[in-house]
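J.: Once you've had a glance at the structure underneath, I'll fire off some questions.
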Amino acid sequence: MITVAVPGKLYIVGEYAVLEPGSAAVLVGIDRQVRVRLTPVTSAGPVARTITTNRAPGRGVEFIRRGSGFEPSPATTADSAGLSHALAALAIVDRYAVESGCEPVGFALDIDSQLDDSATGRKYGLGSSGAVTVAVVRAAAQAYGLPLDPATELKLALLSVFSVDPYCSGGDVAASAHGGWVYYRTPDRAALTTALARHDQELGALIRRPWKHLAVRSLPPPRALSLEVGWVGSPANSSELVAAMKQSVRQHRSVYRQFVAASDRCVEHFATACRSGDDHAVEVALNTAGRLLRDLAAVSGTAIESPELSRLRCLAEELGAVAKSSGAGGGDCGIALIDPARAPILRQRWRAAGIEPLRLRVHKRKESIR
């Protein structure tokens, strides 16, 4: 059996702007994980695979090899709808493996996500799609006996998520693949998806060549600040928020361009402050990032900072902390950077306001991927 565990993510700065090629964000990989278990299976008939998840226990989806790909068996087709990221990851690794001279392999794959609340199923917005993608890429590559260096693994996972959603930034993939505090700059997704669709081009060649703009680098954490995370009790649909933002910015192109430029400067200031150990500059950059998002929301009409997230931020600011929404906003989580001695008071005040403090730790990071 092959077992792989990868962390979820939280955005720190750079949301929305990171959707633009060449723009950047800072994220963290967190210690809630997606765990994948892969058991090789051999049979005398066609190569087959079964995928099960903890979200639908006991309802495995069977896939049979048809031609150059795998299709769900008629009896389980209806249950395959929620597996788009896992299937995209398997298709990418299959293509890469076949090009490397491997024969297709059969297996049973079990996906166990701990990114949501196990008792209630509440979604916290910790990046399950990216984490599932990275975990499946890593496990499937091991099943094929393919050694993947970090850069190759990251690129295979990014191509997988771009094939499902060409508008996503890939930041969650970078955080899950890399761990720790992560600086991520978005590649040219349109060029990559166009190249991926050209089956006359070897996937290995696409992986090996440099990708314009792409950068993933480790950052040291703030020296004397505690990262606190609060869940406001209302799940958010990131895809819908991003789509609404894209629709809105068509009418405010110049404002949006100014926002992206200002966000990029803010991300660079944040990263520089982390590298130099300047916690005050880290706080200034985080505060600026939150203000930029609120200004964008006011212009676009997109509900990035919900009333609950605003309350989370204000309670943190009353204690001298800096705070903002994390990710697409609209619900899910907010973050605060605070003096560790005052963190217990903040958690207590959040609870009293109906905000659930999430006791998350930052996952161990890997080396930089350039």
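Nothing in this text is a laboratory measurement; each read-out follows from the coordinates by a stated rule. Computed from a predicted structure; not experimentally measured. Cβ placement follows ideal geometry from the backbone for every residue including glycine, while neighbour counts extend to all protein chains displayed.
J.: To one decimal place, what orientation-averaged projected area in nm² is obtained for the convex hull of the Cα set of the range 224-358?
T.: 7.8 nm²
J.: Could you check the spin-label model distance between Val255 and Arg65? Points 7 Å from the Cα along Cα→Cβ, value in nm.
T.: That separation, rounded to one decimal, is 5.5 nm.
J.: Taking amide H positions as placed 1.01 Å from N in the peptide plane, with prolines and chain starts having none, which residues 5 or more places from Ser306, or on another chain, fall under 5 Å of its amide H?
T.: Counting only residues 5 or more places away or on other chains, the set is Gly330, Gly331.
J.: Quick check: pseudo-label points 7 Å beyond the Cα along Cα→Cβ at Arg275 and Tyr167, how many nm apart are they?
T.: Distance between the two pseudo-spin positions: 3.3 nm.
J.: So what's the projected area for the range 2-218, the Cα convex hull averaged over all directions, in nm²? Working shown, then result.
T.: On the way: hull surface 47.2 nm².
For the range 2-218, averaging the hull's shadow over all directions gives 11.8 nm².
J.: How many Lys pairs in the chain lie less than 20 angstrom apart by Cα atoms, where the lysines are 8 or more positions apart or on different chains? Display every interim value, and only then the final one.
T.: On the way: Lys9/Lys123; Lys9/Lys155; Lys9/Lys324; Lys9/Lys364; Lys9/Lys366; Lys123/Lys324; Lys155/Lys212; Lys155/Lys366.
The number of close lysine pairs in the chain is 8.
J.: Using Cα springs under 10 Å in a Gaussian network model of the chain, which residue among Gly180, Gly233, Gly334 shows the largest mean-square fluctuation?
T.: Of Gly180, Gly233, Gly334, the most mobile in the Gaussian network model is Gly233.
J.: Arranged from highest to lowest average of other beta-carbon atoms within 10 Å per residue, in what order do the peptides 183-190, 275-282, 214-221 appear? Don't jump to the answer; show the numbers that get you there.
T.: Values: 183-190: 21.4, 275-282: 15.4, 214-221: 19.0.
Highest to lowest by the protection proxy: 183-190, 214-221, 275-282.
J.: Rounded to two decimal places and with Rh computed the Kirkwood way over Cα pairs, what is Rg over Rh for the chain? If you can, show how the numbers build up before the last one.
T.: Numbers: Rg = 20.7 Å, Rh = 21.2 Å.
Taking Rg over the Kirkwood Rh, I get 0.98.
J.: Sticking with this one: Using Cα atoms only, what is the angle between the long axis of helix 279-300 and the major principal axis of the chain, expressed in degrees (0 to 90) to the nearest 10?
T.: Taking Cα atoms only, the helix is inclined about 80 degrees.
J.: In whole angstrom, how far apart do the alpha carbon centroids of the range 281-336 and the range 237-256 sit?
T.: 18 Å
J.: Quote the FRET efficiency, to the nearest 0.05, computed for Arg209 versus Ala341 with a Förster distance R0 of 41 Å and r equal to the Cβ-Cβ distance. Numbers along the way, then the final one.
T.: Values: r = 50 Å, r/R0 = 1.21.
Result of the calculation: an efficiency of 0.25.
J.: When only C-alpha pairs under 8 Å and at least 6 residues apart count, what is the relative contact order of the range 165-246, in percent?
T.: Values: 52 pairs, mean separation 26.2, N = 82.
After rounding, I find 32 percent.
J.: Taking the highest mean first, how do the peptides 83-92, 286-295 order by number of other beta carbon atoms within 10 angstrom per residue?
T.: Numbers: 83-92: 22.7, 286-295: 20.7.
Going from most to least packed, we get 83-92, 286-295.
J.: Also, I was wondering about something else. Express the relative contact order of the chain as a whole percentage, based on alpha carbon pairs under 8 Å and six or more residues apart in sequence.
T.: Numbers: 773 pairs, mean separation 82.3, N = 370.
Answer for the chain is 22 percent.
J.: With an 8 Å cut-off on Cα pairs and a minimum separation of 6 or more residues, tell me the relative contact order of the range 224-358 in percent. It would help to have the intermediate numbers written out before the result.
T.: Values: 203 pairs, mean separation 55.1, N = 135.
Relative CO of the range 224-358 lands at 41 percent.
J.: When you count, for each residue, the other Cβ atoms within 10 Å and take the mean per peptide, how do 122-128, 260-266 rank with the highest first? Walk me through the intermediate numbers first.
T.: Numbers: 122-128: 22.7, 260-266: 18.9.
Ranking, from highest mean packing down: 122-128, 260-266.
J.: 222 nm [θ] for the chain, helices only, -39500 (n - 2.57) per DSSP H run of 4+, per residue, to 500? Please report the intermediate quantities before stating the final value.
T.: Numbers: 11 runs with 150 residues, N = 370.
Counting only the DSSP helices, I get -13000 deg cm²/dmol.
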